[in-house]
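**Student:** I'd like to ask you about the structure that follows.
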Amino acid sequence: DAGVTQTPRHEVAEKGQTIILKCEPVSGHNDLFWYRQTKIQGLELLSYFRSKSLMEDGGAFKDRFKAEMLNSSFSTLKIQPTEPKDSAVYLCASSQGGEVFFGKGTRLTVV
Amino acid sequence: TQTVSQSDAHVTVFEGDSVELRCNYSYGGSIYLSWYIQHHGHGLQFLLKYYSGNPVVQGVNGFEAEFSKSDSSFHLRKASVHWSDSAVYFCAVSAPNTNKVVFGTGTRLQVLP
C-alpha cells in the first residue's frame, strides 16, 4: 500500500535557482498539504489543496513559492528563485478522516 | 480558525516513568484532534485521533489521549515510557468542514535510561 511519495529526497541548489519538488498523495485522498519544517519555526503550512483546488497558499510564502496540483495524484512545489533561508525539510502530506499521512520529505539545501 | 498550543517545548523523564504531554486548542465547532510522533531524522507518523464518543482514545505503543471540552485540551499520556519513545510529539487539529490541519509547535520528549 503506497503512502505519500516525495521526490527527490535531497536537493542542493545554488542561490537564485529554480527547484521543483514533487509529491504523490495516498490514492483516494482529497486533501493535500505542503509544509516546511525547520528547527526554529517548526511546521509551517505552505499550501493546502482540497479536491485539487487551492484552499490556502501560505500567505507569507506567496511570492516565491508556488504549489500546483495538476491531477488528483500529483502535486508540485516550485521555489523560484531559491534563497539560503529556504533551506529546510519540505513535507508533503495527504489526509482522510482527520488522519494525515506524511511523505518522508525533501531536504533542501540552498548554498 | 482553529489553533493549537503545546505549552511544553521539552519534557525529560526517566525510563519507566509516566508522562503527559499537553495540548490545548481553540475552535468553536466539531473538530478532529490527533497526535503525531516524529523520531529524529524521520517523518511524522500518526499516533491516534479523536472526533466523538469515548473521550479517552488509545493509540499505538501504549499511548492514550483524553479529550476535555471544558478545558479545550487533548493531552497525550503514557503510563511507562521506554527510551525508544524519545521523539518530538505534535498535536494537530482539523475542522471536518474544511479539513485544514493545523499543527502545534511540538514537544520534544527525552527519555533517560
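**Student:** Out of B:26, B:52, B:70, I need the residue that is among the small types (Gly, Ala, Ser), within 26 Å of residue A:40 (Cα to Cα) and modelled with pLDDT under 95. Which one?
**Tutor:** Details: B:52 fails: within 26 Å of residue A:40 (Cα to Cα); B:70 fails: within 26 Å of residue A:40 (Cα to Cα).
One residue alone meets the criteria, B:26.
**Student:** Also, I was wondering about something else. Out of segment B:27-51, which residues are in a loop (DSSP other than H, G, I, E, B), open to solvent by 50 Å² or more (accessible area, probe 1.4 Å) and within 11 Å of chain A (Cβ to nearest Cβ)?
**Tutor:** First, pick out the residues of segment B:27-51 that are in a loop (DSSP other than H, G, I, E, B): B:27-31, B:39-44, B:51.
Still in the running and open to solvent by 50 Å² or more (accessible area, probe 1.4 Å): B:27-28, B:30, B:39-42, B:51.
Those that are in a loop (DSSP other than H, G, I, E, B), open to solvent by 50 Å² or more (accessible area, probe 1.4 Å) and within 11 Å of chain A (Cβ to nearest Cβ): B:30, B:41, B:42, B:51.
**Student:** Taking segment A:1-19, which residues are more than 12 Å from residue A:94 (Cα to Cα) and open to solvent by less than 30 Å² (accessible area, probe 1.4 Å)?
**Tutor:** Within segment A:1-19, A:13, A:19 meet the criteria.
**Student:** List the residue pairs whose Cβ atoms are under 9 Å apart, where the first residue sits in segment A:3-23 and is over 15 Å from residue A:79 (Cα atoms), the second is among the basic types (Lys, Arg) and surrounded by 13 or more Cβ atoms within 10 Å (Cβ to Cβ), and the two are 6 or more positions apart or on different chains.
**Tutor:** Pairs found: A:3/A:104; A:4/A:104; A:5/A:22; A:5/A:104; A:6/A:22; A:6/A:104; A:9/A:104; A:9/A:107.
**Student:** With the condition kept exactly as written, say whether any residue in segment A:60-69 is aliphatic (A, V, I, L, M), within 11 Å of chain B (Cβ to nearest Cβ), closer than 22 Å to residue B:94 by Cα and free of Cβ contacts under 8 Å to residues at least 12 places away in the same chain.
**Tutor:** First pass over segment A:60-69, keeping only residues aliphatic (A, V, I, L, M): A:60, A:67, A:69.
Pick out the ones that are also within 11 Å of chain B (Cβ to nearest Cβ) and you get none.
No - not one qualifying residue is present in segment A:60-69.
**Student:** For the structure I just gave you, tell me whether residue B:68 is among the small types (Gly, Ala, Ser), within 21 Å of residue A:98 (Cα to Cα), free of Cβ contacts under 8 Å to residues at least 60 places away in the same chain and open to solvent by less than 60 Å² (accessible area, probe 1.4 Å). Full working, then the answer.
**Tutor:** Values: among the small types (Gly, Ala, Ser): yes; within 21 Å of residue A:98 (Cα to Cα): yes; free of Cβ contacts under 8 Å to residues at least 60 places away in the same chain: yes; open to solvent by less than 60 Å² (accessible area, probe 1.4 Å): yes.
Here the answer is yes, as residue B:68 does meet what is asked.
**Student:** Separate question: Given the conditions (1) surrounded by fewer than 19 Cβ atoms within 10 Å (Cβ to Cβ); (2) at pLDDT 95 or above; (3) under 30 Å from residue B:9 (Cβ atoms); (4) in contact with a Ser or Thr (Cβ under 6 Å, 6 or more places away or on another chain), and given that residue A:22 satisfies all but one, which numbered condition is not satisfied?
**Tutor:** Answer for residue A:22: the failing condition is (3).
**Student:** Could you pull out every one of the strands (runs of 3 or more DSSP E) wholly within segment A:31-80 that has 2 or more residues that are under 11 Å from the mean Cα position of the chain (by Cα)?
**Tutor:** Answer list for segment A:31-80: A:31-38, A:42-50, A:65-71, A:74-79.
**Student:** Let me ask you something else. State which residue is farthest from the other protein chains (Cβ to nearest Cβ) when the search covers only segment B:96-113 and only residues that are in contact with a helix residue (DSSP H, G or I) (Cβ under 9 Å, 6 or more places away or on another chain) and open to solvent by less than 40 Å² (accessible area, probe 1.4 Å).
**Tutor:** Step by step, filter segment B:96-113, then rank; the result is B:111.
**Student:** Right, another one. Can you find a residue that is of a type outside the set (Phe, Trp, Tyr), touching a Ser or Thr at 6+ places or on another chain (Cβ under 7 Å), buried (at least 16 other Cβ atoms within 10 Å of the Cβ) and within 14 Å of chain A (Cβ to nearest Cβ) anywhere in segment B:56-65?
**Tutor:** So the first thing to find is which residues in segment B:56-65 are of a type outside the set (Phe, Trp, Tyr), and the list is B:56-62, B:64-65.
If we keep only those that are touching a Ser or Thr at 6+ places or on another chain (Cβ under 7 Å) too, we end up with none.
No - not one qualifying residue is present in segment B:56-65.
**Student:** Would a scan of segment A:26-47 turn up a residue that is more than 13 Å from chain B (Cβ to nearest Cβ) and touching a residue at least 60 places away in the same chain (Cβ under 8 Å)? Lay out the reasoning, then the answer.
**Tutor:** Going through segment A:26-47, the residues more than 13 Å from chain B (Cβ to nearest Cβ) turn out to be A:27-28.
Remaining after also requiring touching a residue at least 60 places away in the same chain (Cβ under 8 Å): A:28.
Within segment A:26-47 (the criterion being more than 13 Å from chain B (Cβ to nearest Cβ) and touching a residue at least 60 places away in the same chain (Cβ under 8 Å)), the answer is yes, since at least one residue qualifies.
**Student:** With the requirement that a residue be at the interface with another protein chain (Cβ under 10 Å from one of its Cβ atoms) and either among the basic types (Lys, Arg) or on the phi < 0 side of the Ramachandran plot (or both), what does segment A:93-106 give you?
**Tutor:** Residues satisfying the conditions are A:93, A:95, A:96, A:99, A:100, A:101, A:102, A:103, A:104.
The values are calculated or read from the model by the stated rules, or taken from the named source; none is laboratory data. Not measured: the values here are computed from a predicted model. Neighbour counts are summed over all protein chains in view; Cβ atoms, including those assigned to glycine, are modelled from backbone coordinates with ideal geometry. Ligands, DNA and RNA are stripped out before the accessible areas are found, and what is left, the full protein with its side chains, is counted by its heavy atoms. Shrake-Rupley method; radii C 1.70, N 1.55, O 1.52, S 1.80 Å.
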